[in-house]
Structure formats: C-alpha cells, structure tokens
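This report concerns only the one structure given below.
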Amino acid sequence: MNATAATAPLPSDDDAVAIRLAAAERIARAAGETASAFFARRADLVVEQKAAVQDLVSQADRQVETEIRDAVAALFPDDAILGEEHGAAAGTSGFRWVIDPIDGTSPFLTGQPNWCVSIALTDPDGIAAGVVHAPALGETYVARRGGGAFLNGRRLTVDPAWTITSANIAFGATNSAAPGPAGAFVTALYAEGGVMFRIGSGALMLCYVASGRLAGYFDPLINAYDCYAGNLAVLEAGGRVRFDGDDERQGPLWCGNDRILDDLVRLTATAGF
C-alpha cells in the first residue's frame, strides 16, 4: 500500500461544499434543459391545482425534481434531500439539498420567462451554497457562504445607500394572503414613495435584490425551497435577510439593505401582517 496515499488528509468541509456547489450548478443547468423542453410544449402538460389558482403543479415540476434527486443521490448518496414535490429523504452526511424544480410554475405554464430551478445546500451551520438557474432568461446565480454571490460570473453587491424609493419593492403575496393586510401594505408602500413589483418567482425576486434590480422584497409566507438559494445570494451580496421559517415550516421573509429591511418590517407590521 502507498503510505502517502494511505495518510492523505480527508477533504475539508469547505472542499465538500465546493464539490457540491460545482455539482449543483451542473445539475441545475441539466434540469433547466429538461424544464425548457417542457416549457416549449407546455400546452400538452397535465396541470393540477394544489390550493389556489396561483398554486399549481405540473408533470414538468415532478419530472424535473425527480431528475435532480436522482442526480444528487448518484453523486452524494449520504446527503439528505428536501424537495417541493416529493418531500424529504434522510441522510447521514450533514448536508441537505433543498430543491424547487420550477419556481414560478404559474409563469412557466403561461409562457412567461420568469421561472427558474432553485437548489440550495445546507449544513449544520445553515445555508452553505445556492444556485438559481433561469434558462429562459439565460441567467445563473451562484452563491457560496463566505465566497460571494455571482450572476453569470459577475460579482453582485447590494447598494447600502438605497432606500425603498431607489428601485421597486417585490411583494410575494399570492391570493392566499388576507386581502386587508395585503392592500394595507401596498397602500403604505406607495404612501412612502415605493412601487410594488411581482413576477411570481420568489427565488428570482430574491436574486433581483442581490443583483440590484430591486431594492427589497417582502413575502408574507414562503417555503424554504423557494427562498434558501436566493437568501444566500442576498446575504453574500452584502444585503440582509430575515426569514421567520425553517426547512419544514413556511414563514414571512423580508430582505434588502439594512435600512430597507427595517422599513419593510415596519410597513408590514403597520399593515397587520
């Protein structure tokens, strides 16, 4: 036996994250190709309604998630997985993949380009890495804890001087939100000079904050698989995120720079959220 090989150090946790992040980007791009093929023939998809008109699932969602899960299991069989369509699978490595195969199913099914594949990687310290791949837009966001956030290789930075009037504010409420607080939030935002933005994909709206396309984002109720990868992009771009949920539980989310996040928390409290 080669003594050098026998005593070679095991990969560090950072190496393990880097290996998985590179794989996540490859897997997301491959999943994007599969989703794009469905997108091109979306009129033929069997579509089901989960709870509300904006909460839909299609054959594409399920097949794309299965493809992602199979790829992860083949490469990292000891990693846990949590996906929107097929639930949780246990693991022993300490890593967990949190997957939304098509975030923005409603835009996807109606022919809009604002949908994406979102893959996050968590470890005992939180969100370690994330990839948000938007095939129809030709954009891939990649973030790593302590390593920055990037759009197609370009580093992203949140402007610390922006206010809620510097750019639009994303609002993630669907028609499942109580209409009173939803209307009150929009009224309060406009009263302070802000303008509302919505495209139907929480992951992309988070990435738009990270990339400076939006000033901030409030969602009254969002899932981990919709936001983890985007949350890390905002944080690594120098922004702030407050998510009052976890892997298993939905929760409200606020993000932006320091001032914008505080203002959004204030406005939503005033609105009754």
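The values are calculated or read from the model by the stated rules, or taken from the named source; none is laboratory data. Note that this is a predicted model, so its numbers are computed, not measured. Cβ atoms come from the backbone with ideal geometry, glycine included; neighbour counts cover every protein chain shown.
Regarding region 238-254, can at least one residue be identified that is at pLDDT 95 or above and over 20 Å from the mean Cα position of the chain (by Cα)? Checked region 238-254: no residue is at pLDDT 95 or above and over 20 Å from the mean Cα position of the chain (by Cα).
Evaluating VAL131 against the criteria (1) touching a helix residue (DSSP H, G or I) at 6+ places or on another chain (Cβ under 6 Å); (2) within 16 Å of ALA60 (Cα to Cα) leaves one unmet condition, (2). Among the candidates ALA149, ALA170, ALA203, the residue that is part of a strand (DSSP E or B), within 24 Å of HIS133 (Cβ to Cβ) and in contact with an Asp or Glu (Cβ under 6 Å, 6 or more places away or on another chain) is uniquely ALA149. For region 252-266, residues that are farther than 18 Å from ILE222 by Cα and crowded, with 20+ Cβ neighbours inside 10 Å total 3. When region 92-134 is filtered for residues that are over 20 Å from ALA22 (Cα atoms) and more than 14 Å from the chain's Cα centre (by Cα), the ones remaining, listed by number, are THR92, SER106, PRO107, PHE108, LEU109, THR110, GLY111, GLN112, PRO113. Residue under question is GLU248, and the condition is that it be outside the structural domain of PRO135 (by TED's automatic domain parsing) and closer than 18 Å to GLY126 by Cα; does it hold? In short, yes. Using the structure shown, decide if LEU121 is outside the structural domain of GLU33 (by TED's automatic domain parsing), touching a Gly at 6+ places or on another chain (Cβ under 8 Å) and buried (at least 18 other Cβ atoms within 10 Å of the Cβ). So LEU121 does not fit the description; no. Report, by residue number, each residue of region 108-140 that is out of contact with any strand residue (DSSP E or B) (no Cβ under 9 Å at 6 or more places or on another chain) and not in a strand (DSSP E or B). Correct list: THR110, GLY111, GLN112, PRO124, ASP125, GLY138. The residue list VAL64, VAL158 contains one member that is farther than 26 Å from ASP244 by Cβ, among the hydrophobic types (A, V, I, L, M, F, W, C), touching a residue at least 24 places away in the same chain (Cβ under 8 Å) and not in a strand (DSSP E or B), which is VAL64. For region 73-94, filtered to residues that are touching a Gly at 6+ places or on another chain (Cβ under 9 Å) and assigned to a strand (DSSP E or B), the residue that is surrounded by the most Cβ atoms within 10 Å (Cβ to Cβ) is ILE81.
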